[in-house]
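Visitor: I am attaching a structure below and will ask some questions about it afterwards.
The values are calculated or read from the model by the stated rules, or taken from the named source; none is laboratory data. Remember, predicted model here, so these are calculated numbers, not experimental data. Neighbour counts run over all protein chains shown; Cβ positions are idealised from the backbone, glycine included.
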């Protein structure tokens, strides 16, 4: 084996904005599998906004990555060797192998992928954790009904794009919010949302109101910040807000104040946060349902691929700033 | 008939704090019933925080009281005459007759009260709209489970006192929040909550944390403001917050910012507002269930009675400032 194990380690915890200085790239010898483990060669590593939380020591729903440890993340890999006999060399698998070229992980925790059924990277995006997140937030919390207005922020992203398509299948009128004319055009033309509003426009709040002449009945929150402030006054009585994330605020050293909550009573609103891993059934339901839509050509997605692990830190910083365009994936060269 | 019809009219819309200057007391001749109406002599008029919303022209779930119109509100009355024949003279009824001594109202909208079954004023409080509000918020939103910690603010009030007792019957450990040592003593000793924390104490937030050593699993919000700010950091993962009202903020001319909502995702919180009239079934369920508890001596309540309609404006201003102690009722002299 001639390739080194390139690995991206957490060097320091960011106080505010994440930058390359918080990471360290090292080249080591590939690991040797211990009993029960398979040796993997990662092909694609997923970059997702939740990883910002793992970089902080603040209390959250998962333990932070330790300083000096490899950054966590899901990957699509090929098996180099599996002494347990579960997998053959060259098999494609999905696992949580981190930002590194090689990893030795428990073979029992890997899921085999069929490259003939769907492109393997869909297991990281549209049919994977992000798509399943969209499925849970839309069907269990936002609960759009036919004829209602459903709004989703980060609409060109890995979660938002799927959320809007699911809501559209449920009969809602879907309005996306995305950053910049290019993303908005993609959301309208490729994803097929009837409207998409550019949150970078100076008159964004007015445009959003114009795009939602009958108000907003459900909102899928990925962004927070100024987008959230524009959405809240438009919420109708009995509106539901699914809180998936607030990526615009992940780099804030101090949390900004939120909206006054009196409107919750006046309008009988429901605001509910969720984390996809609390919904294990969805990990069986969504790949089956979404996989069928994908094969019919009825589910669209876009990937934003970055070449080389050494470029993962900058790509991740860009993800938090909205510079990605579609599901961000690092191709491990 | 020698008594005048004393009436309290809305004179001006308050911009901030409500005071007597926003009301006008007039004495007029009693009305004559039109076809379908009964003439009532009000005995008890209910004062409730929601009436603050009716004084404002701001968009809300109900139309505002017009300037120069009588203040709205429920009352317990005796029938003077009912040309429709539904009720006899002297019958006790519950209706929405407003802040006035006499009213002529559609007889079909009145509910007959049995003074032998429960004190008639319970129809305005513990078994009426406030008690039913508690029932809905606890059983449909806060959903306390045995062994969990349930917190309720305005715990000595008409809604809060009942909410805590219902949560206690559901097996939760109930912690009240009330203003001042006298109210806290009542909540502990009379209502039987194991803990009650005085929100006027300078170290209120620390005391609340100490009273909730395992955090807060569900919260019944009546108050907002500083109480809300102390409660939010203590919410556990998967906590539910029933937003019934935010009386501490009703007089605010400008809404204060609320909490940052990132915790909704991190802790998978549910915040949900409600208005009791959206839950018609509860108006049948709660008087039956609560009435049985009351007859067993298992449901406690306290009334704060004010004599004379002319004192209603000051009493109402006191209600918004937390100066009442129990369900506030005006005895119509």
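Visitor: So is residue A:83 modelled with pLDDT of 95 or more, surrounded by fewer than 18 Cβ atoms within 10 Å (Cβ to Cβ) and either touching a strand residue (DSSP E or B) at 6+ places or on another chain (Cβ under 8 Å) or outside the structural domain of residue A:316 (by TED's automatic domain parsing) (or both) or not?
Guide: Yes: the conditions hold for residue A:83.
Visitor: OK, next. Just wondering, is there one or more residues in region B:90-97 that are at pLDDT below 95 and either over 28 Å from residue B:126 (Cβ atoms) or part of a strand (DSSP E or B) (or both)?
Guide: yes
Visitor: Check residue B:167 against each of (1) surrounded by fewer than 24 Cβ atoms within 10 Å (Cβ to Cβ); (2) under 18 Å from the mean Cα position of the chain (by Cα) and name the one condition it does not meet.
Guide: (1)
Visitor: Count, please, the residues in region B:306-320 that happen to be surrounded by fewer than 17 Cβ atoms within 10 Å (Cβ to Cβ) and in contact (Cβ under 8 Å) with a residue 40 or more places away in the chain.
Guide: 2
Visitor: Hey, among B:72, B:21, which residue is over 18 Å from residue B:124 (Cβ atoms), more than 14 Å from every other protein chain (Cβ to nearest Cβ) and either out of contact with any strand residue (DSSP E or B) (no Cβ under 8 Å at 6 or more places or on another chain) or surrounded by fewer than 21 Cβ atoms within 10 Å (Cβ to Cβ) (or both)?
Guide: B:21
Visitor: Examine region B:212-226 for a residue that is within 14 Å of chain A (Cβ to nearest Cβ), surrounded by fewer than 22 Cβ atoms within 10 Å (Cβ to Cβ), modelled with pLDDT of 95 or more and touching a strand residue (DSSP E or B) at 6+ places or on another chain (Cβ under 7 Å), and state whether such a residue exists.
Guide: For region B:212-226, residues within 14 Å of chain A (Cβ to nearest Cβ), surrounded by fewer than 22 Cβ atoms within 10 Å (Cβ to Cβ), modelled with pLDDT of 95 or more and touching a strand residue (DSSP E or B) at 6+ places or on another chain (Cβ under 7 Å): present.
Visitor: Being over 15 Å from the mean Cα position of the chain (by Cα) and more than 9 Å from chain A (Cβ to nearest Cβ) is the filter here; which residues of region B:241-253 pass it?
Guide: B:251, B:253
Visitor: Look through B:282, B:263, B:239 and report the one residue that is at pLDDT 95 or above, surrounded by 17 or more Cβ atoms within 10 Å (Cβ to Cβ) and outside the structural domain of residue B:159 (by TED's automatic domain parsing).
Guide: Testing whether each residue is at pLDDT 95 or above, surrounded by 17 or more Cβ atoms within 10 Å (Cβ to Cβ) and outside the structural domain of residue B:159 (by TED's automatic domain parsing) leaves just B:282.
Visitor: Quick one: would you say residue A:27 is farther than 30 Å from residue B:262 by Cβ and exposed (fewer than 14 other Cβ atoms within 10 Å of the Cβ)?
Guide: When the stated conditions are applied, residue A:27 passes them.
Condition check ((1) in the same structural domain as residue A:34 (by TED's automatic domain parsing); (2) more than 20 Å from the chain's Cα centre (by Cα)) across all residues:
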position: A:95; (1), (2): yes, no
position: A:99; (1), (2): yes, no
position: A:118; (1), (2): yes, no
position: A:139; (1), (2): no, no
position: A:144; (1), (2): no, yes
position: A:149; (1), (2): no, yes
position: A:189; (1), (2): no, yes
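Visitor: Return a yes/no flag: does region B:288-305 have any residue that is in contact (Cβ under 8 Å) with a residue 60 or more places away in the chain, within 14 Å of chain A (Cβ to nearest Cβ) and within 15 Å of the chain's Cα centre (by Cα).
Guide: So far as region B:288-305 goes, no, none of its residues is in contact (Cβ under 8 Å) with a residue 60 or more places away in the chain, within 14 Å of chain A (Cβ to nearest Cβ) and within 15 Å of the chain's Cα centre (by Cα).
Visitor: In this structure, is residue A:118 modelled with pLDDT under 95 and in contact with a helix residue (DSSP H, G or I) (Cβ under 7 Å, 6 or more places away or on another chain)?
Guide: So residue A:118 passes the test.
Visitor: From (1) surrounded by fewer than 21 Cβ atoms within 10 Å (Cβ to Cβ); (2) within 30 Å of residue A:31 (Cα to Cα); (3) touching a residue at least 60 places away in the same chain (Cβ under 8 Å); (4) out of contact with any strand residue (DSSP E or B) (no Cβ under 7 Å at 6 or more places or on another chain), pick out the condition that doesn't hold for residue A:96.
Guide: For residue A:96, the exception is condition (3).
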